[in-house]
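Asks: First, the structure itself, so that you have it in front of you.
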Amino acid sequence: MMRLIQKLLVFILCFPLLSFCQKNDTKNWIQLFNGKDLTGWVVKINGYPLGENIHNTFRVEDGLLKVSYDGYEDFGKSFGHIFYEKPFSNYILKLEYRFVGKQAKGGQEWGIKNSGAMIHSQSPQSMELDQSFPVSLEVQFLGGIDKNIERPTGNLCTPGMHVTMNNQKITEHCIPSTSPTFYGDEWIHVEVEVHNDSLITHKINGLKVISYSKPIFGGQFNTTFKEGIPVKSGYISLQSESHPIEFKNIEILEL
């Protein structure tokens with residue numbers, strides 16, 4: 001009986017502290033998307049000046065950040081990104097996405113149910129007019145198309161960078177994760193934990209699907225930065241790659 005009373009006293013004393021920590025943690029999360037407009041974000045689309053959101057590609061409707069193509073006659077090479085206004089280096093990024101509708105006319109075949117979030121990216125201001133993708137690390141989002149073909153999501157693609165995995169330098173452009181394939185239009189929860197350049201982890205629906213470290217400049221799509229330099233921070237952006245996609249609950253916790 002005495003032990004039970006002691007345990008109850010410990011719980012009573014600790015509960016206020018736990019409540020405080022939970023409240024404090026909630027306050028530290030920053031909402032990157034306000035659900036009303038694109039305040040805090042800037043658009044860069046291949047072939048167009050910074051800030052020109054052609055055909056209202058990136059828009060806010062029903063509290064969602066949508067990437068839409070109803071104004072396009074032909075997508076061509078109009079790859080676009082919408083960047084948050086400031087860089088980050090040590091953080092947890094959370095968001096939810098879902099693919100909707102059909103691919104825009106003129107999109108590449110590989111662009112079907114293909115999008116992503118770029119981290120440790122170069123700034124939108126530093127991109128060239130005709131640059132399709134920022135030098136960055138892409139948390140690639142894929143959706144299933146053929147029931148007989150696996151298409152994991154939360155993969156890593158590396159436009160203009162290399163990383164280290166299992167103590168080996170990885171130079172492949174895209175590395176698949178261990179996530180399952182999602183074939184429908186359900187919301188997928190993504191979490192990316194970034195510790196500068198020491199460790200980066202992708203999680204899908206709460207499960208770790210890939211980890212890597214030591215990103216450096218180098219390889220395909222790098223036309224700006226000296227190869228081999230470590231990348232410890234950068235901007236966050238969301239992609240426009242020809243298939244409609246929606247985002248919500250985009251938030252960040254700086255560590």
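The values are calculated or read from the model by the stated rules, or taken from the named source; none is laboratory data. Model, not experiment: these values are computed from the prediction. For neighbour counting, all protein chains shown are included, and Cβ atoms are generated from backbone atoms with ideal geometry for every residue, glycine included.
Asks: Criterion first (touching a residue at least 24 places away in the same chain (Cβ under 8 Å), surrounded by 15 or more Cβ atoms within 10 Å (Cβ to Cβ), among the aromatic types (Phe, Trp, Tyr) and in a loop (DSSP other than H, G, I, E, B)) does PHE75 satisfy it?
Replies: When the stated conditions are applied, PHE75 passes them.
Asks: Okay, moving on. Just give me the residues in region 90-139 being of a type in the set (A, V, I, L, M, F, W, C), assigned to a loop (DSSP other than H, G, I, E, B) and surrounded by 24 or more Cβ atoms within 10 Å (Cβ to Cβ), in sequence order.
Replies: ALA104, VAL135
Asks: Go through the residues of region 81-89 one by one and say whether even a single one is modelled with pLDDT of 95 or more, crowded, with 17+ Cβ neighbours inside 10 Å and among the acidic types (Asp, Glu).
Replies: No, because not a single residue in region 81-89 is modelled with pLDDT of 95 or more, crowded, with 17+ Cβ neighbours inside 10 Å and among the acidic types (Asp, Glu).
Asks: Scan ASP62, ASP74 and give me the residue that is of a type outside the set (Ser, Thr, Tyr) and over 21 Å from ASP130 (Cβ atoms).
Replies: ASP62
Asks: If ILE216 satisfies every condition in (1) touching a His at 6+ places or on another chain (Cβ under 7 Å); (2) surrounded by fewer than 18 Cβ atoms within 10 Å (Cβ to Cβ); (3) in a strand (DSSP E or B) but one, which is the exception?
Replies: Result: ILE216 fails condition (2) only.
Asks: For residues that are among the small types (Gly, Ala, Ser) and farther than 17 Å from HIS81 by Cβ, tally how many sit in region 125-155.
Replies: Going through region 125-155 one residue at a time, the tally reaches 3.
Asks: May I pose another question? Give region 219-246 a look and list any residue that's outside any loop (DSSP other than H, G, I, E, B) and touching an Asp or Glu at 6+ places or on another chain (Cβ under 7 Å), or say none.
Replies: PRO230
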